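Student: My questions will all concern the structure given below.
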Amino acid sequence: VRILHTSDLHLGHRLLERSRIEEQEALLEWLVQIIRQEEVELLIIAGDIFDTGAPPNAALKLYYNFLHQVAETECLATLIIGGNHDSVAALNAPRQLLSHFRVQVTGGAAGTDEELFLMRDRQGEPSALVGCVPFLRERDLRTPRPGESIEERDAGLVAGIREHYRLLSEAAADRGDLPLILCGHLFAGGVSGGGERDLYVGNLGQIDSSVFPAEAQYVALGHLHRAQAVGGSSHIRYSGSPLALDFTDDSVKSVTLLNLEHRAPLEVELFPAPVFRRLVSLSGSLPEILWRLNGEAGAGETFLPWLDITVTDPIPEAQERIEEAAAELDLEILRVRYGRPSNGDDSWEAVDEQLEELSPREVFRRRCESRGVEADDELQRAFDELLLEAQARIDAQPDGTETE
Ligand SMILES: [Mn+2]
């Protein structure tokens, strides 16, 4: 079976309030091309199809047009699982209709039979089994008990995830001797790319790759935006997002192509994704920035590069000077802020910072500090829990600012 594995499309994503729809349209067109060119038979999208639970209409249009175009290729099946950014109900709503286009959607935990997909080759013969496990929410895995400790809660989550995969692989074994592929949207070790959001409160439910039964010939993962194999085994992989979702994501973007034959070694190939728009962050003194701007100007690229600039010497007119210089160049400045030279990794202290530049956690930490309250683990977790809930509610609201 010839497989294309991707994930984390985040359709409808906005970066500093700017729409990514044009880039995403170009990306999906490219994907359809690759599916044709590489004669892909099975397309797996391992979660985070949309950026929010109530995606803007422009993102829905991209999604449906894409699935329609894939249906017109020779691709035999498209498997889609829900991620932590997706709404289970929204993803599942068109699933019956989409099944007519050889698309199987598993928006949320659905039970072993529904999650197990039997892949057939062009002659109609069974060729593989695919366990489609969407992002598992805490309510899918366990019932919280009053007064339980953080450790008990964490152990319960991990055990629930493990059991879910075990049952699936058991059911697959009952279906006969076929290669088994597993899909999932979770954290199973590895390095983040940029722009990922916590899956569970306070980073609980982190598992390692031992939860995946040894019977699986390939495990197609989503969630981490950096492409990588995990757990020291080349067959358990994050495809990574095919588009960078954050200025901090410096990982190389790709989709994963595989050849899977029964009892034969797996062939894996990373297919680099085009950079439709460069995301550049620059940090330095005003003269340095002005000098480096020239080098970042776009030359024959599909879309103008976007820049996020940190000026390390607080000159009041820096913003105007930079925008003046940029007006002559093929690039767009998305943000200019003032910061001190970084004294460590990527940490910097802003001189003139805006609330929207801070993470909610950081705001909470500083608020505690200014009130003389010690933000211990327990308080931090309580805050994280509220934050996760608030984010879920915001995501479920239609985006009022969207005009496309
Ligand atoms: Mn994601």
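Student: Return the total of residues in the stretch 211-249 being assigned to a loop (DSSP other than H, G, I, E, B) and either within 16 Å of the ligand (Cβ to nearest atom) or in contact (Cβ under 8 Å) with a residue 40 or more places away in the chain (or both). Spell out the reasoning first.
Tutor: Restricting attention to the stretch 211-249, the residues satisfying the condition of being assigned to a loop (DSSP other than H, G, I, E, B) are 212-215, 223-227, 230-235, 239-249.
After this cut, where a residue has to be either within 16 Å of the ligand (Cβ to nearest atom) or in contact (Cβ under 8 Å) with a residue 40 or more places away in the chain (or both) as well, the list is 212-213, 215, 223-227, 230-231, 239-249.
Number satisfying all stated conditions: 21.
Student: Taking the stated definitions as given, is SER192 modelled with pLDDT under 95, of a type outside the set (Lys, Arg) and within 25 Å of the chain's Cα centre (by Cα)?
Tutor: In short, yes.
Student: Same structure again: How many residues are more than 25 Å from the chain's Cα centre (by Cα) and either surrounded by 16 or more Cβ atoms within 10 Å (Cβ to Cβ) or of a type in the set (Lys, Arg) (or both) if we restrict to the stretch 139-152?
Tutor: Residues in the stretch 139-152 being more than 25 Å from the chain's Cα centre (by Cα) and either surrounded by 16 or more Cβ atoms within 10 Å (Cβ to Cβ) or of a type in the set (Lys, Arg) (or both): 1 in total.
Student: A follow-up question, please. Identify, by number, the condition in (1) buried (at least 16 other Cβ atoms within 10 Å of the Cβ); (2) assigned to a loop (DSSP other than H, G, I, E, B) that SER281 doesn't meet.
Tutor: Going through (1) buried (at least 16 other Cβ atoms within 10 Å of the Cβ); (2) assigned to a loop (DSSP other than H, G, I, E, B) one by one, SER281 breaks only (2).
Student: Considering only the stretch 1-30, how many residues are closer than 23 Å to SER87 by Cα, of a type outside the set (D, E, K, R), away from the ligand (no atom under 16 Å from the Cβ) and in a strand (DSSP E or B)?
Tutor: 1
Student: Going by the conditions given, is GLY124 within 30 Å of GLN69 (Cβ to Cβ) and modelled with pLDDT of 95 or more?
Tutor: Spelling it out, it is not the case that GLY124 is within 30 Å of GLN69 (Cβ to Cβ) and modelled with pLDDT of 95 or more.
Student: For residues that are aliphatic (A, V, I, L, M) and in contact with a Leu (Cβ under 7 Å, 6 or more places away or on another chain), scanning just the stretch 1-14, find the one that is surrounded by the fewest Cβ atoms within 10 Å (Cβ to Cβ).
Tutor: Looking only at the stretch 1-14, we keep the residues that are aliphatic (A, V, I, L, M), and these are 1, 3-4, 9, 11.
In the following step, the residues that additionally are in contact with a Leu (Cβ under 7 Å, 6 or more places away or on another chain) were identified as 1, 3-4, 11.
Working: VAL1: 20, ILE3: 25, LEU4: 24, LEU11: 26.
So, considering only residues that are aliphatic (A, V, I, L, M) and in contact with a Leu (Cβ under 7 Å, 6 or more places away or on another chain), the one surrounded by the fewest Cβ atoms within 10 Å (Cβ to Cβ) is VAL1.
Student: Within the stretch 191-209, identify whether any single residue is in contact with a Ser or Thr (Cβ under 7 Å, 6 or more places away or on another chain) and part of a loop (DSSP other than H, G, I, E, B), and answer yes or no. So that I can check it myself, show each step before the final result.
Tutor: Narrowing the stretch 191-209 to residues in contact with a Ser or Thr (Cβ under 7 Å, 6 or more places away or on another chain): 193-194, 209.
Now narrow it down to the ones that are part of a loop (DSSP other than H, G, I, E, B): 193-194.
Scanning the stretch 191-209 turns up at least one residue that is in contact with a Ser or Thr (Cβ under 7 Å, 6 or more places away or on another chain) and part of a loop (DSSP other than H, G, I, E, B).
Student: Can you find even one residue in the stretch 287-294 that is part of a helix (DSSP H, G or I), crowded, with 16+ Cβ neighbours inside 10 Å and among the β-branched types (Val, Ile, Thr)?
Tutor: Yes, because at least one residue in the stretch 287-294 is part of a helix (DSSP H, G or I), crowded, with 16+ Cβ neighbours inside 10 Å and among the β-branched types (Val, Ile, Thr).
Student: Additional query: Inside the stretch 46-57, can you point out the residues that are farther than 12 Å from ARG20 by Cβ, in contact with a helix residue (DSSP H, G or I) (Cβ under 9 Å, 6 or more places away or on another chain) and more than 16 Å from the ligand (Cβ to nearest atom)?
Tutor: ALA54
Student: Same structure, new question: In the stretch 19-26, is there at least one residue being of a type in the set (Lys, Arg) and within 18 Å of the chain's Cα centre (by Cα)?
Tutor: yes
Student: Could you list, in sequence order, all residues of the stretch 254-299 that are touching a strand residue (DSSP E or B) at 6+ places or on another chain (Cβ under 7 Å) and closer than 19 Å to ASP8 by Cα?
Tutor: SER254, VAL255, THR256, LEU257, LEU258, GLU269, LEU270, PHE271, PRO272, ALA273, ARG277, LEU279
Student: Something else: If only one of SER254, SER283 is among the hydroxyl-bearing types (Ser, Thr, Tyr) and over 26 Å from the mean Cα position of the chain (by Cα), which one is it?
Tutor: SER283
The values are calculated or read from the model by the stated rules, or taken from the named source; none is laboratory data. Worth saying up front: this structure is predicted, and the values here are computed from it rather than measured. Ideal geometry is used to build each Cβ from the backbone, glycine not excepted, and the neighbour counts take in all protein chains shown.
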